[in-house]
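Contents: one structure, followed by commentary.
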Amino acid sequence: MKSTFAHNFQEWLHNLDKRPSLLVVLSVLWILVICVIGFFWHLGSTGLVDETEPLFAEASRQMVVTGNWITPYFNGETRFDKPALIYWCQAIAYKIIGVNEWAVRLPSAFAAMVLTSLSFYTVYQYAEPTKNVSLPHKRWIIAVFATILMAFCPEMVVWGRIGVSDMLLTGFTSCTLLCFFWGYANPPQSKGIFPSPWYIACYLCAAGGVLTKGPIGFVLPGLVVLVFLLYVGKFWQIVREMKLFIGLPIVISLSLPWYILVFLQNGQKYIDSFFGYHNFERFTDVVNGHSAPWYFYFVVVLLGFAPYSVYLPIAIAKQKFWQRRHWSNRERSQQFGLFTCVWFFVVFGFFTIAVTKLPSYVLPLMPAAAILVALFWGKFMDDSTTPSISLQVTAWVNVSFVTVIAIALFYVTRIMGSDPAAPEFRATLQESGITTVGGLIWAISALVLAFAILRRVWVYLMGINLFAFALFLLFVLTPAQFLMDSQRQLPLRKVAYKLAQEQKPGEEIVMVGFKKPTAVFYSHRSITYFTTTPIGKEYLQQKKSQPPEIKSLLLISQPKKYPEMGLQPSDYEVLEQKGAYKLARVSLP
């Protein structure tokens, strides 16, 4: 017998048939609510996080200060890691709302929101219609599930709240693929010179991806489309339909001018750094020590899409992607499940092959993972009273997984290492009780999941997971973020503000033992970095041995490193000491 809640919910869905405008309003409100919670809640309430985020933030600030919107600079040196679009977006945000953390992170949050919105519209349009007459608007429910899985996906939440280029690339890459499928599923009724508007949108998004992170912005979605078209046997037909002779010039004309201008300003130095080091070498060799075993991305997806990742194998298998003839014979608009599978596999395989590995590299497959799990749950809703053996086993794996998460949170403060930049963080975290709250949330969710399985109310399993993650995000991750900021970043910000006040004309600023770009961003000063104490000591001795033009320098380091550099208390004047950082004026006799 169905519960009263389920009966009332179905009645409410039936009533929506009579008020389609209400469905639109509810959809918009839904997207706004989950995106606010997932991406915008306290977006700029904490300081920038070392080390990558302030590199982008300061390079964007330099564009505003210098008026050079072609070559990015950080700390007086060119920064060729990424193309200009992320810097332009942050710089424009600075112009509108000022130089602050909100402006740094808004491009990522907006990219995540736009992607979520287009995903909702696409899933609503192309999810399979229900076979269950008692369940109207099933496609709307699937779209709701897909978007909340995106907004409440750990990896999407993290990179949607950080001012770096990864979410912007994911937004452009994923929107390129979604726009392609819209064009593919709606073939033009008549032959014309120009491709359909959706294909044009696909080309525009691809150009945005190239301006965000280079060739990967075109290569990655292009590879997904290529594999998909070859698999369904429609390659030449769709290539002609897409009118590449118009599409490729669109991509090139929008993305290439900046590459030409930055080359004209910097010459071969730019080619060697961006294309040689940051693209080719990252794919073929280990860069910056970012190596990992072949199974690295299995772990990343397991944790980055937790706790819903346990349903991914069964969700992928449910699409039966190996039945090539079955998929090839279906209408184009009915091939969305296969397309999403190809999207997931190609991105996963591409970065597994790449030698340099980082968790953020597989961020573009997270939207596909969310859609696949939502589509699977939609198929299950057709007949939720008779779950397969595989679903029953996966449900118990779900219980085990969240139980392990709960246990890990109860003991995390005992097993976590120490951070030199925040030596008191572990003790403070333990005293706060935040991890205990997190452990209780997941322990209770495990019990509720087990109860739902025993009562055979399978359809609520995903909702329980999502509700638990929402509580975890609001009451554990957000407070932990503030706590981490107070322990790790706030002391450095205070030191940065102090050195900006204390620096004399021509006085050099040196940081030893750390490389914290945050200090540059918040002080608006150039800093000389030495990551090891011996090199810093050698530099200070060198400065003291030469007749100085300026009789002092400002030194930022850990208090314990001052005597390691041969400095006695009489050699310097302490100006500020916060957390792990001591700022002092060192005399240069």
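Before moving on, here are some points about what is shown:
- Among residues that are surrounded by fewer than 19 Cβ atoms within 10 Å (Cβ to Cβ), in contact (Cβ under 8 Å) with a residue 24 or more places away in the chain and of a type in the set (D, E, K, R), R426 is not included.
- Among the residues here, V393 does not qualify as part of a helix (DSSP H, G or I) and over 30 Å from L454 (Cβ atoms).
- Failed item, numbered, when A6 is tested on (1) touching a Leu at 6+ places or on another chain (Cβ under 8 Å); (2) modelled with pLDDT under 95; (3) more than 14 Å from V164 (Cβ to Cβ); (4) not hydroxyl-bearing (S, T, Y): (1)
- Qualifying residue in the range 454-475 (condition: surrounded by fewer than 17 Cβ atoms within 10 Å (Cβ to Cβ), among the small types (G, A, S), modelled with pLDDT under 95 and assigned by TED's automatic domain parsing to the domain that holds F401): yes
- Restricting attention to the range 516-565 and to residues that are within 16 Å of K504 (Cα to Cα) and charged (D, E, K, R), the residue that is nearest to the chain's Cα centre (by Cα) turns out to be R525.
- Look at the range 141-161: where a residue is touching a residue at least 12 places away in the same chain (Cβ under 8 Å) and a partner is assigned to a helix (DSSP H, G or I) and among the charged types (D, E, K, R), sitting 6+ places away or on another chain with Cβ atoms under 7 Å, you get W159/D166; R161/R105.
- Any chance K320 is surrounded by fewer than 17 Cβ atoms within 10 Å (Cβ to Cβ) and either outside any helix (DSSP H, G or I) or among the basic types (K, R) (or both): yes
- Pairs where the first residue, in the range 66-86, is on the phi > 0 side of the Ramachandran plot and touching a residue at least 24 places away in the same chain (Cβ under 8 Å) and the second is assigned to a loop (DSSP other than H, G, I, E, B) and of a type outside the set (G, A, S), C-beta under 8 Å, 6+ apart: N75/P517; N75/I527
- Test: G417 is in a loop (DSSP other than H, G, I, E, B) and outside the structural domain of G160 (by TED's automatic domain parsing): yes
- Output for the range 500-532, where each listed residue is touching a Ser or Thr at 6+ places or on another chain (Cβ under 7 Å) and among the basic types (K, R): K515
- Of the residues making up the range 480-495, one or more are under 16 Å from G439 (Cβ atoms), modelled with pLDDT under 95 and within 20 Å of the chain's Cα centre (by Cα).
- Among the conditions (1) within 25 Å of F74 (Cα to Cα); (2) in contact (Cβ under 8 Å) with a residue 24 or more places away in the chain; (3) surrounded by fewer than 20 Cβ atoms within 10 Å (Cβ to Cβ); (4) under 36 Å from the mean Cα position of the chain (by Cα), the only one that G513 does not satisfy is (3).
Conditions (1) in a helix (DSSP H, G or I); (2) over 22 Å from E155 (Cβ atoms), marked per residue:
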| residue | (1), (2) |
| --- | --- |
| T436 | yes, yes |
| I441 | yes, no |
| A450 | yes, yes |
| Y460 | yes, yes |
| F482 | yes, no |
| P491 | yes, yes |
| L499 | yes, yes |
| F514 | no, yes |
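Yes/no matrix, rows are residues, columns are (1) surrounded by 20 or more Cβ atoms within 10 Å (Cβ to Cβ); (2) over 24 Å from the mean Cα position of the chain (by Cα); (3) not in a helix (DSSP H, G or I):
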{"position": "S333", "(1), (2), (3)": "no, yes, no"}
{"position": "L338", "(1), (2), (3)": "yes, yes, no"}
{"position": "V355", "(1), (2), (3)": "no, no, yes"}
{"position": "A370", "(1), (2), (3)": "yes, no, no"}
{"position": "F410", "(1), (2), (3)": "no, yes, no"}
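- Residue match in the range 231-250 (condition: within 30 Å of P359 (Cβ to Cβ), assigned to a loop (DSSP other than H, G, I, E, B) and modelled with pLDDT of 90 or more): no
- Within the range 172-207, the set of residues being among the aliphatic types (A, V, I, L, M) and part of a helix (DSSP H, G or I) comprises L177, L178, A185, I200, A201, L204, A206, A207.
- Residues located in the range 576-589, provided they are surrounded by 18 or more Cβ atoms within 10 Å (Cβ to Cβ) and outside any loop (DSSP other than H, G, I, E, B): E576, Y581, K582, L583, A584, R585, V586
- Within the range 35-63, being part of a helix (DSSP H, G or I) and under 27 Å from F514 (Cα atoms) holds for T52, E53, P54, L55, F56, A57, E58, A59, S60, R61, Q62, M63.
- For the range 100-125, the set of residues classified as surrounded by fewer than 21 Cβ atoms within 10 Å (Cβ to Cβ) and more than 19 Å from the chain's Cα centre (by Cα) consists of N100, Y121, Y124, Q125, listed by residue number.
- Complete set of residues in the range 476-492 that are crowded, with 19+ Cβ neighbours inside 10 Å and touching a helix residue (DSSP H, G or I) at 6+ places or on another chain (Cβ under 6 Å): V476, Q487, L492
- Candidate set: the range 48-81, residues that are of a type in the set (F, W, Y) and in contact with a Lys or Arg (Cβ under 9 Å, 6 or more places away or on another chain); chosen: the one surrounded by the most Cβ atoms within 10 Å (Cβ to Cβ): F56
- For I405, the conditions (1) modelled with pLDDT under 85; (2) under 22 Å from the mean Cα position of the chain (by Cα); (3) over 30 Å from F228 (Cβ atoms) are fulfilled apart from (1).
The values are calculated or read from the model by the stated rules, or taken from the named source; none is laboratory data. Owing to the predicted nature of the structure, the values given are computational and were not obtained by experimental measurement. Neighbour counts run over all protein chains shown; Cβ positions are idealised from the backbone, glycine included.
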